[in-house]
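See below for the structure under consideration.
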Amino acid sequence: MTERRPQGPLPGLLVGLTVVSGLVDAFSLLGLGRVFVANMTGNVVFLGFAIAGTGGVSIEASLLALAAFALGARLGGRWAADRTPHRGRLLAVATGVQAGLVVIAAIVVSVVGVPNLATQLGLLGLLGLAMGGQNGVVRRLGVPGLPTTVLTRSITGLVVDAGHAPLSPRPLLSVLALLCGAIVGAALLRWLALPAPLWLAALLLVGYGMAAKMAATRPRADDWH
């Protein structure tokens with residue numbers, strides 16, 4: 001996979017998915033306790049804190065989020081690898097499934113809130129599965145420089161390559177998109193309602209899926225198949 005391969009609208013759509021990652025992680029971290037559902041690097045660190053018995057971190061929550069994410073990545077990656085449709089259609093179907101999982105989580109929070117550990121773990125499972133699936137499919141799409149979740153490498157590339165190589169705007173866009181999603185998600189939690197970040201994330205996913213499907217049917221769409 002090289003930068004010269006035409007990517008069509010995929011880079012913009014993946015930047016949008018990075019915003020979704022920030023929204024969903026804002027909900028999980030601030031609404032479900034110290035646990036991520038998109039950023040597994042943070043969960044590994046939190047799991048270490050939990051094993052050491054410090055930081056008020058739940059071992060069960062961290063382990064479940066990691067396991068659900070891994071399962072979602074496995075399922076999403078294998079599903080995408082076994083198919084050869086247009087990449088736009090592939091993304092459209094994947095975001096539709098992801099939106100469905102996020103909507104289920106949003107409905108649960110809207111109806112019952114997060115009253116107990118069982119509900120918390122159920123939500124972590126749903127959202128971890130959704131975000132893992134996103135990562136598995138994004139890997140299959142093969143767009144360089146837009147991972148949609150963990151941005152450590154993107155930030156490293158920005159500072160290491162500065163002044164030594166032509167800079168791609170993608171790493172910076174990814175960082176800003178994740179930051180934007182986190183800011184908006186935290187603001188919605190503070191000023192509106194607990195499930196608000198999830199509803200917005202689901203709405204964005206539906207929009208991205210529709211955009212990807214429409215783009216795949218336009219003239220010259222085969223250029224970025």
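The values are calculated or read from the model by the stated rules, or taken from the named source; none is laboratory data. Owing to the predicted nature of the structure, the values given are computational and were not obtained by experimental measurement. Every residue, glycine among them, receives a Cβ derived from its backbone with ideal geometry; neighbour counts consider all protein chains shown. The accessibility values were calculated without ligands, DNA or RNA, using every heavy atom of the protein model including side chains. Shrake-Rupley method; radii C 1.70, N 1.55, O 1.52, S 1.80 Å.
Somewhere in segment 112-119, is a residue buried (at least 19 other Cβ atoms within 10 Å of the Cβ) and on the phi < 0 side of the Ramachandran plot?
Looking through segment 112-119, none of the residues is buried (at least 19 other Cβ atoms within 10 Å of the Cβ) and on the phi < 0 side of the Ramachandran plot.
Could you check how many residues of segment 182-206 are within 17 Å of the chain's Cα centre (by Cα), closer than 17 Å to ILE104 by Cβ and open to solvent by 40 Å² or more (accessible area, probe 1.4 Å)?
5
To keep it simple, each residue is scored yes or no on (1) over 16 Å from VAL137 (Cα atoms); (2) part of a helix (DSSP H, G or I).
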| position | (1), (2) |
| --- | --- |
| GLY12 | no, yes |
| LEU23 | yes, yes |
| ALA26 | yes, yes |
| LEU30 | yes, yes |
| PHE36 | yes, no |
| THR41 | yes, yes |
| TRP79 | no, yes |
| LEU90 | no, yes |
| GLN98 | no, yes |
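Filter segment 127-145 for residues that are in contact with a Lys or Arg (Cβ under 7 Å, 6 or more places away or on another chain) and either at positive phi or free of Cβ contacts under 8 Å to residues at least 24 places away in the same chain (or both) and give the result.
Within segment 127-145, GLY145 is the sole residue that qualifies.
So the check is Cβ under 6 Å with 6+ separation or different chains; which pairs have a first residue in segment 207-219 that's among the β-branched types (Val, Ile, Thr) and open to solvent by 40 Å² or more (accessible area, probe 1.4 Å) and a second one that's at pLDDT 90 or above and not in a helix (DSSP H, G or I)?
Sorted first by the residue in segment 207-219, then by its partner, the list stays empty.
Within segment 33-50, how many residues are β-branched (Val, Ile, Thr) and either without any contact (Cβ under 8 Å) to a residue 60 or more places away in the chain or surrounded by fewer than 17 Cβ atoms within 10 Å (Cβ to Cβ) (or both)?
Residues that pass the stated criteria total 3.
Quick one: in segment 51-98, of everything that is polar (S, T, N, Q) and open to solvent by less than 20 Å² (accessible area, probe 1.4 Å), which residue is farthest from the chain's Cα centre (by Cα)?
Within segment 51-98, the match that is farthest from the chain's Cα centre (by Cα) is SER62.
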